[in-house]
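Enquirer: Got a structure for you, questions after.
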Amino acid sequence: MTETRLAVADDLVVSLDYTLRLEDGEVVDTSTADDRAPLDFVQGQGQIIPGLEQALYGMAVGDKKEVVVEPIDGYGEHDPEAFEMVDQNIFPAEMTLEPGMSLRMRESSGQVLVGYVVDIRPEGVLLDFNHPLAGETLYFQVKIASLRAATEEELTHGHVHGPGHEH
Ligand code: ZN
């Protein structure tokens, strides 16, 4: 009996166990905590950061790897220009703004950007549009938990269906 070795390729649903550390060793995210599950995504569709996606090609179920992702292939370089002071009046009066809070802001072009509250000042609210991990080199430990072909519907929708996402 021959067995085909299924390996990570475009249009496969990858179920990935991962731990993400920063340069100083701090764990910022892990799928292996008790209340977490592996991350499911369709390979080759840009659903995860490019530096990590590229490193997974050819890995089989159970394979482990350490992947170092530079900012340019991760969450981008930190842009010192990506700060903006906005008028507090644009937020609903009942909304309590706090530093670190993320806000979805729609630009006049219609594009949605996520900003993080840096500071609330008398003259307005200072927002940072950098991703919190911008400028960081990312150190991943990954393991392929499972692999399967994506359904036509998943490819069309651009996301994985399963527990918590059925429609
Ligand atoms: Zn869907």
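The values are calculated or read from the model by the stated rules, or taken from the named source; none is laboratory data. Quick caveat, the model's predicted, so the values are computed rather than measured. Note that we place each Cβ from the backbone using ideal geometry, even for glycine, and neighbour counts take in every protein chain shown. What goes into the accessible areas is simple: the full protein's heavy atoms, side chains included, and nothing from ligands, DNA or RNA. Shrake-Rupley method; radii C 1.70, N 1.55, O 1.52, S 1.80 Å.
Enquirer: For region 20-140, what % of the accessible area comes from carbon and sulfur atoms, probe 1.4 Å? If you can, show how the numbers build up before the last one.
Expert: Values: 3530 of 7470 Å².
For region 20-140, the apolar C and S fraction of the accessible surface comes to 47 percent.
Enquirer: Beyond 29 Å, what percent of the Cα pairs of the chain remain? Numbers along the way, then the final one.
Expert: Working: 4892 of 13861 pairs.
Roughly 35 percent, once rounded to a whole number.
Enquirer: How much mean residue ellipticity at 222 nm does the chain get from its helices, if each DSSP H run of length 4 or more adds -39500 (n - 2.57) and you divide by all residues, to the nearest 500 deg cm²/dmol?
Expert: Values: 2 runs with 13 residues, N = 167.
That calculation yields -2000 deg cm²/dmol at 222 nm.
Enquirer: If you don't mind, there's one more thing I want to ask. About its Cα centre, what dipole magnitude does region 72-167 give when the only charges are +1 on Lys and Arg Cβ and -1 on Asp and Glu Cβ, stated in debye to the nearest 20? Spell out each step's value before the answer.
Expert: Values: 5 positive and 17 negative charges, 68 e Å.
Using Cβ point charges on Lys, Arg, Asp and Glu, region 72-167 gives about 320 debye.
Enquirer: A follow-up question, please. Taking the solvent-accessible surface of protein heavy atoms with a 1.4 Å probe, what is the per residue accessible area of region 83-128 in Å²? Walk me through the numbers before you get to the answer.
Expert: Details: 3230 Å² over 46 residues.
Counting only protein heavy atoms, the per-residue value for region 83-128 is 70 Å².
Enquirer: Could I ask something else about it? What size of dipole, in debye to the nearest 20, comes out for region 83-128 about its Cα centre when the only charges are +1 on Lys and Arg C-beta atoms and -1 on Asp and Glu C-beta atoms? Present the calculation step by step, with values, prior to reporting the outcome.
Expert: Values: 3 positive and 8 negative charges, 31 e Å.
Value, rounded to 20: 140 debye.
Enquirer: Of the chymotrypsin sites (Phe, Trp or Tyr not before Pro) in region 45-101, which ones lie in a loop per DSSP and count no more than 12 other C-beta atoms within 10 Å?
Expert: Within region 45-101, the qualifying chymotrypsin sites (Phe, Trp or Tyr not before Pro) (loop, at most 12 other Cβ atoms within 10 Å) are TYR57.
Enquirer: Most fluctuating residue of LEU56, LEU147, LEU155 in a GNM of the chain with Cα springs under 10 Å: which is it?
Expert: Answer for the Gaussian network model of the chain: LEU155.
Enquirer: Most mobile of GLY25, GLY135, GLY46 per a Gaussian network model of the chain (Cα springs, under 10 Å)?
Expert: GLY25
Enquirer: For the chain, with the dipole built from +1 on Lys and Arg beta-carbon atoms and -1 on Asp and Glu ones, taken about the Cα centre, which of ALA149, PRO50, GLY25 lies farthest toward the positive end?
Expert: Positive-most Cα among the choices belongs to ALA149.
Enquirer: What is the magnitude of the charge dipole of the chain about its Cα centre, with +1 placed on the Cβ of each Lys and Arg, -1 on the Cβ of each Asp and Glu, and no other charges, expressed in debye to the nearest 20? The partial results should precede the final answer.
Expert: Values: 10 positive and 32 negative charges, 98 e Å.
It comes to approximately 480 debye.
Enquirer: Between VAL114, PHE91, MET101, whose Cα lies farthest towards the positive end of the dipole of region 83-128 when Lys and Arg beta carbons carry +1 and Asp and Glu beta carbons carry -1, centred on the Cα centre?
Expert: Of the listed residues, the answer is VAL114.
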